[in-house]
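The structure appears right after this line, and notes come after that.
The values are calculated or read from the model by the stated rules, or taken from the named source; none is laboratory data. As the structure is a computational prediction, the values presented were derived from the model and not from experiment. So basically every Cβ, Gly included, is an ideal-geometry build from the backbone, and we count neighbours across all protein chains shown. For the accessible areas, the whole protein counts, side chains as well, though only heavy atoms, and no ligand, DNA or RNA atoms are used. Shrake-Rupley method; radii C 1.70, N 1.55, O 1.52, S 1.80 Å.
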Amino acid sequence: MSIMQGLRAYHAALGLLVIAAFLTGELGIIHAVLGYAIAVIIGGRLIAAISGLRQLGLSRFYPRFDGLTLGNAFTHPAISKTLLAGIAACLILATATGIALDRGRTLSLATSVVVTEAHARDDSRDDSRELRRDAEGRGGKQEDGILGEAHEGLSNFLMIIVGLHVAYLFLFKRPLARFMLFLAVPNSRQAKSDHTP
């Protein structure tokens, strides 16, 4: 698998998980598990960034405005990179606030499910039930104040930026959009230079 095909697969997996997490915001445990999966993918991307490969470097997220003129304002790479930087910042912050809101409850629940039947009969059984009820009961409004508001606000803003990113690519970088959506073969240098999530 080439680097660009790997990035395309990463992009698709992350995109599907983010959309699923956004749509399951009221489903408590499912939303939390998706959030942890997103955190793992972000962590993998950060590890890949230190590999030294130019296509995977984090500097690809920093917009450079050299050569930006009124004539090329819509097609200059700085626009795409600015949107990517906004997506990355919102995604990382939304994921971090979600994990902070969860306080490890979902991970504790997963651990308690793995506990053997013998351990489930002792005093930890009541703790396990309480953790499960707590995790399942988080489907409604978040009662965590400003952190919950920040998580929700960042998630909503993320969807707006993602929408702008998709619209921009379809309007001004259609070959790249088709490539990232598995609708075209990698034959364009633009796909390699403009978009590295």
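Before moving on, here are some points about what is shown:
- With all protein chains modelled, accessible area of Phe182 [1.4 Å, Å²]: 110
- Once the Cα-Cα distance is subtracted from the 0.36 nm per residue extended length, the Leu107 to Ile3 segment shows a gain of 34.2 nm.
- Cβ-Cβ FRET estimate between Phe182 and Asp66, R0 fixed at 25 Å, reported to 0.05: 0.20
- Extension gain for Ala78-Ile50 works out to 7.8 nm (0.36 nm per residue, less the C-alpha to C-alpha distance).
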